[in-house]
Amino acid sequence: MSVTRQSLGDLPEWDLSDLYESGQSASFEADLRRAQEMAKDFASSYEGKLADLAGEAEGGARLAEAIRNYEALDEILGRLGSYAQLYYVGDTTDPARAKFFGDTSQKLNDIGTGLLFFELELNRVDDAAMSKALMAPEFRRYEPWITDLRKERPYQLDDRSEKLFHEKSLTGYASWNRLFDETMASLRFTVEGEELTIEPTLNLLMDPEEAKRRAAAEAMAKIFGGNQRLFTHITNTLAKDKEISDRWRGFKDVADARHLSNRVEPEVVAALVSAVRTSYPRLSHRYYALKAKWFGKEKLDHWDRNAPVPAEDTRIVPWREARDIVLNAYGGFDERMSGIAEQFFTKRWIDAPVRPGKTPGAFAHPTVPSVHPYVLLNYMGKTRDVMTLAHELGHGVHQVLAGE
């Protein structure tokens, strides 16, 4: 059965007006100006003064007030940035959207540069003064954040270096990531005479018919091969950019920065990796051998990796049925979970259709506590897509509950 918008039903597209009506709206422009003014006032009030504040008799209360002001500013910046990103990913190949996203990112980066001092200075407050300040009830509320922040201290650079890293991020790794995303969204694959974007092409790799899987795989190999120099250059540049950053900050291993940001010990990750590798022969190797046997082959071809197994349900699942499956499953766990998830459908917090230029894949974006999350999908009716809907809504429900 071919996948069409008609066979899937009425797929929702998100309504971003809970953030802003548009990027040219009066409220967007007003918030941008307000953020710029608040950032200047914040820097004037606190830059170079946090160590002295912490040492005052009412240091905890004063630092708590500073963090509340920082939170209020972060809320506005997050709202502006969330709208710009969500609007952009709807069609990354649209020059107008790309310009708006780039311009907004530059303005937010400029504001952020002026705020870098705050977290850097908090980390320079000595442990004794910080411990004393944390005895104040209003400041103790922020202790988990302070504890998390201070784990970054060993890898923190001087203020000028941090500003340089921050300002150059737009022309460094962020620009290369954006080039990759826009390139992927613009690629077209000719499969059996039909020109497709990447999501429908990937979808064919799960088709029950081997001829369709092979045609899709070969079309992808041809186009990816034609872009090999570009993708290699992007990958090598990002790898070198990370090596420079890690070296300056003092990370010893390529994964150390990731472990730190995930707040997980390297030994835990190493144990997990070791356990998975040890299990290759009796799990993945055995599974692929069985799959080859089911398909009557000595060895699987690469286009068979995601092929459905013989007893798998390969029917197209309409959107309404997918919605009911997920909400019923959530309700079986807790009715409150189902109730929160239902809002994503009724209030248009989900963008589901595949569209030319739309970013591939799926995600749940938390936006800011005062609004709500948004979920992006590329729904094509596979049972795997239903599981993706359930997965991303799980993030969405968590983000709603975490809002406070």
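Here, each number is a calculation from the coordinates, and none is a lab measurement. Note that the structure is predicted; figures quoted are calculated from it, not measured. Glycine gets a Cβ as well: all are built from the backbone with ideal geometry, and neighbour counts include every protein chain shown.
Annotations for the structure displayed:
- Length gained on full extension, LEU187 to ARG247, computed as 0.36 nm times the residue gap minus the Cα-Cα distance: 18.1 nm.
- Calculated on C-alpha atoms, the gyration radius of the stretch 8-159 divided by its Kirkwood radius gives an Rg/Rh of 1.08.
- Restraint check, LYS40/LYS99; LYS163/LYS242; LYS107/LYS163; LYS132/LYS163; LYS40/LYS163, Cα-Cα greater than 19 Å: LYS40/LYS99; LYS132/LYS163
- Helix axis angle, 383-401 relative to the chain longest principal axis, alpha carbon, degrees: 20
- Length-normalised contact order for the chain - Cα pairs under 8 Å, 6+ apart - percent: 22
- Helix axis angle, 319-333 relative to the chain longest principal axis, alpha carbon, degrees: 60
- Within the listed set PHE344, PHE295, PHE42, the Gaussian network model of the chain (springs between alpha-carbon atoms below 10 Å) gives the highest mean-square fluctuation for PHE295.
- Computed from phi, the 3J(HN,Hα) profile of the stretch 248-265 under the Karplus parametrisation 6.51, -1.76, 1.60 (θ = phi - 60°) reads 5, 7, x, 6, 8, 10, 4, 9, 4, 5, 5, 4, 5, 5, 7, 6, 9, 6 Hz, with x in place of Gly and Pro.
- Directionally averaged projected area (the chain, Cα convex hull): 23.3 nm².
- Working note: Cα gyration tensor of the stretch 162-297, eigenvalues times five, square-rooted, sorted largest first, giving semi-axes of 35, 27, 11 Å.
- Between LEU238, LEU149, ALA352, the Cα set farthest toward the positive side of the dipole of the chain (charges on each charged residue's Cβ, about the Cα centre) is that of LEU238.
- Fluctuation leader among LEU393, LEU376, LEU16 - the chain, Gaussian network, Cα springs under 10 angstrom: LEU16
- Fraction of antiparallel bridges per DSSP, the chain only, in percent to nearest 5: 75
- Build a GNM of the chain with springs between Cα atoms under 10 Å apart, and of PHE231, PHE345, PHE333 the one that fluctuates most is PHE333.
- In the stretch 200-254, GluC sites (Glu not before Pro) in a DSSP loop with at most 15 other beta-carbon atoms within 10 Å: GLU209
- Counting only alpha carbon atoms, the long axis of helix 59-89 and the longest principal axis of the chain meet at about 30°.
- The lysines whose alpha-carbon is closer than 22 Å to the alpha-carbon of LYS347, local same-chain residues fewer than 8 away aside, are LYS358.
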